[in-house]
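Asker: My questions will all concern the structure given below.
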Amino acid sequence: MTTPILSESEVRAAVERELPGVRADLERLVRIPGIAFEGFDHSHVERSAEAVADLLRGCGLDVKIVRSGGQPAVIGMKAAPPGAPTVLLYAHHDVQPVGDLTLWESDPFEPVERDGRLYGRGAADDKAGIMAHVAALRAYGDALPVGVVLFIEGEEEYGSDSLEQLLAEHRDEIASDVIVIADSANWDIGVPALTTSLRGIVNCFVEVRTLDHAVHSGMFGGAVPDALTALARLLATLHTDAGDVAVDGLVSREGASVDYPETRFRAEAGLAEGVSLIGTGRITDRLWTKPALAVLGIDAPATGEAPNALVPAAKAKLSVRLAPGDDPKRAYEALRTHLEKHAPWGAQVTVTFEHDGDPCVIDASGPMFDGARSAFRTAWDGTDPVDLGIGGSIPFIATFQEMFPRAAILVTGVEDPQARAHGPNESLHLGEFARVCLAEALLLRNVAKVGVDGR
């Protein structure tokens, strides 16, 4: 028997009915400090997984908590009605560390509403993604027009080390016609988006050594190079005077289709007055289709404790964001070659790989993508969604592409430019969240209407 598909007005009313409970459950999730990084209490990640599992059971799904050497993920499943497609809904329940607590205006694990935004670590990234999925399921209840598989990961912020193995182990049971990844951003408040490209990533450490031990800066300075100065000179070779990445061999493209006004960009980035942007070309090219390189940290004596001695060794952590079309392994070799070639004064340079991730490009054409755009357009009262790139990296999307080549992959957003994900005072715009919930419910309806043969 075919499940009747709810009308648009019925879906809208059902989502509105469920929103108060959805928000309450979102706040309960935010209160759980589920951080998968080393050195944190991982019992909270376990609690977070259990809380998510309970939410999915409440939606009538068959649920299990799984792991493959890493943190717990949650899988929930409900079979498709006869002839209907199956949709995999992805989000993650782990969160970033909070950093310096003095920079937070309120307790990061006690959700607080201010000016229409819900503040708390994970409120946007990505517990709102989980609850958007739950909102859609609750809206339909027993009238769900598609099959669903919810895959809620537990270590995305820590690098998704066990994700590929988990996907391989559960490949048959999670195989779907459509994959919705609710872990990206919308273009602006009031403007929805589909993410169609993401940069890749290579992180590494570079250590510079000039001495086998520290020596008196007065007795030897002027003839003996100290490692920290040598490191500073080496790091300075990584960019041109204009701020473009100067490492030969990295892919760089142009042609992003969306304009990003500089005044808006500066405000959203929080750029200090008088500081210039770096790089050349359109801002969207610099963010989406060109490489970026940042020095994330340096190991050297702290200024308050530094003696008058030449530093024998200094170490920096580098992060390169790779343009779509680049290869992380080749990019790492290009970076390593550059660092070794530009070692100043014959300093010893050691480069150590940390981790990498593939960039990806999504061909966002076809009936399923048309159905997604229609859902967004309706939820945002006629505003057309923007196809955008993301400067950040979600490497596992390439894994989904490889494992499920026939599935349409929709990367959707719960964040907005003011969300401050990963930073202090992370927040979720509650009005936009309501639209996200409606859009996902309408998306499931549209997918059901397209059907399996419409892929």
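Asker: Treating cross-link reach as a plain straight distance, find the lysines whose alpha-carbon is under 25 Å from the alpha-carbon of residue 78, omitting any fewer than eight places away in the same chain.
Answerer: Result set, ordered by chain and number: 64, 127, 449.
Asker: Would you kindly find the accessible area of residue 57, with a 1.4 Å probe and non-protein molecules such as ligands, DNA and RNA excluded, rounding to the nearest 10 Å²?
Answerer: 110
Asker: Taking amide H positions as placed 1.01 Å from N in the peptide plane, with prolines and chain starts having none, which residues 5 or more places from residue 188, or on another chain, fall under 5 Å of its amide H?
Answerer: none
Asker: May I ask you to give the percent of accessible area on the chain that is carbon plus sulfur, with a probe radius of 1.4 Å?
Answerer: On the way: 9670 of 19370 Å².
Carbon with sulfur: 50 percent of the solvent-accessible area.
Asker: Can you work out the accessible area per residue across the range 362-441, with the rest of the protein chains kept in place, probe 1.4 Å, in square angstrom?
Answerer: Working: 2670 Å² over 80 residues.
Per residue, the range 362-441 has 33 Å² of solvent-accessible surface.
Asker: Take the Cβ-Cβ distance between residue 240 and residue 57 as r, set R0 to 51 Å, and report the resulting FRET efficiency rounded to the nearest 0.05. Kindly include the intermediate steps, with their values, before the conclusion.
Answerer: Working: r = 55 Å, r/R0 = 1.08.
It comes to 0.40.
Asker: Could you grab the relative contact order for the chain? Cα pairs under 8 Å, six or more apart, rounded to a whole percent.
Answerer: Working: 975 pairs, mean separation 112.3, N = 455.
About 25 percent, as a whole number.
Asker: On to the next question. Could you calculate the FRET efficiency of residue 173 with residue 7 from 1/(1 + (r/R0)^6), where r is the beta carbon distance between them and R0 is 35 Å, rounded to 0.05? Walk me through the intermediate numbers first.
Answerer: Details: r = 32 Å, r/R0 = 0.91.
That pair, residue 173 with residue 7, gives E of 0.65.
Asker: I'd like the distance separating the alpha-carbon centroids of the range 260-322 and the range 48-105, in whole Å.
Answerer: Result: 34 Å between the Cα centres.
Asker: Here is a follow-up. Enter the per residue convex hull volume of the range 1-54, computed from alpha-carbon coordinates, in Å³ rounded to the nearest integer. Display every interim value, and only then the final one.
Answerer: Working: hull volume 6.7 nm³, N = 54.
In the range 1-54, the Cα convex hull volume per residue is 123 Å³.
Asker: What fraction of the Cα pairs in the range 49-147, stated in percent, has a spacing above 18 angstrom? The partial results should precede the final answer.
Answerer: On the way: 2709 of 4851 pairs.
Beyond 18 Å sits 56 percent of the P(r) for the range 49-147.
Asker: Under a 5 Å amide H to amide H cut-off, with H placed in plane at 1.01 Å, what residues pair with residue 239 once short-range neighbours are removed?
Answerer: Those lying under 5 Å, H to H, from residue 239 are 246.
Asker: Right, something else. With every protein chain present, what is the per residue accessible area of the range 188-243 (1.4 Å probe, Å²)?
Answerer: On the way: 2450 Å² over 56 residues.
Ligands and nucleic acids excluded, the figure is 44 Å² per residue.
Asker: Taking Cα pairs under 8 Å and at least six residues apart, what relative contact order does the range 1-133 come out at, in percent? Before the final figure, lay out the partial values.
Answerer: Numbers: 156 pairs, mean separation 34.3, N = 133.
Reported as a whole number, the value is 26 percent.
Asker: I would also like to ask the following. Over the range 382-455, what is the mean sequence separation of C-alpha contacts under 8 Å (at least six apart), divided by residue count, expressed as relative contact order in percent?
Answerer: Working: 23 pairs, mean separation 16.3, N = 74.
With pairs under 8 Å counted, the relative contact order is 22 percent.
Asker: Can you show me the helix-derived [θ] at 222 nm for the chain, built from DSSP H runs with n ≥ 4 at -39,500 (n - 2.57) apiece and divided by the number of residues, rounded to the nearest 500.
Answerer: Numbers: 12 runs with 141 residues, N = 455.
About -9500 deg cm²/dmol.
Asker: Nearest-5 percent of antiparallel DSSP beta bridges in the chain?
Answerer: The antiparallel fraction comes to roughly 65 percent.
Asker: Among rounded, prolate and oblate, which fits the range 218-375 when a ≥ b ≥ c are the square roots of the eigenvalues of its C-alpha gyration tensor, a/c under 1.5 means rounded, and a/b larger than b/c means prolate?
Answerer: On the way: a/c = 2.74, a/b = 1.96, b/c = 1.40.
Prolate is the answer for the range 218-375, as a/c is 1.5 or above and a/b outweighs b/c.
Asker: Arrange the residues 285, 244 by how much accessible surface each exposes, largest first, with a 1.4 angstrom probe.
Answerer: On the way: 285 5, 244 40 Å².
Putting 285, 244 in descending order of accessible area: 244, 285.
Asker: While we're on this one: Please list, in order along the range 384-390, the HN-Hα scalar couplings obtained from phi with the Karplus expression 6.51 cos²θ - 1.76 cosθ + 1.60 (θ = phi - 60°), rounded to whole Hz, x for Gly and Pro.
Answerer: Per residue, the Karplus-derived 3J(HN,Hα) values read 6, x, 9, 8, 10, x, 10 Hz.
Asker: Can you give the local net charge around residue 136? Use residues other than it whose beta-carbon is closer than 10 angstrom to its beta-carbon, Lys and Arg +1, Asp and Glu -1. Please list the in-between numbers first.
Answerer: Numbers: positive: 138, 445; negative: 18, 440.
Result for the neighbourhood of residue 136: 0.
Asker: Let me ask something additional. According to a simple spin-label model (label point 7 Å from Cα along Cα-to-Cβ), what is the distance in nm between residue 418 and residue 100?
Answerer: Roughly 2.3 nm, to one decimal.
Asker: Same structure again: What FRET efficiency would be calculated for the residue pair residue 113, residue 381, taking the C-beta separation as r and a Förster radius of 22 Å, to the nearest 0.05? Mind dumping the intermediate values first?
Answerer: Values: r = 23 Å, r/R0 = 1.06.
That pair, residue 113 with residue 381, gives E of 0.40.
Asker: Continuing with the same structure: For the charge dipole of the chain, defined by +1 on Lys and Arg C-beta atoms and -1 on Asp and Glu C-beta atoms about the Cα centroid, which residue among 45, 355, 15 has the Cα displaced farthest towards the positive pole?
Answerer: Final value for the positive-end residue is 15.
Asker: Could you work out the equivalent-ellipsoid semi-axes for the range 127-226, taking the square root of 5 times each eigenvalue of the Cα gyration tensor, largest first, in whole Å? Walk me through the intermediate numbers first.
Answerer: Numbers: eigenvalues 523, 72, 29 Å².
Three semi-axes, in Å: 51, 19, 12.
The values are calculated or read from the model by the stated rules, or taken from the named source; none is laboratory data. On a predicted model such as this, the values are computed, not experimentally measured, just so you know. For neighbour counting, all protein chains shown are included, and Cβ atoms are generated from backbone atoms with ideal geometry for every residue, glycine included. Ligands, DNA and RNA are excluded from the accessible area calculation, which covers all protein heavy atoms including side chains. Shrake-Rupley method; radii C 1.70, N 1.55, O 1.52, S 1.80 Å.
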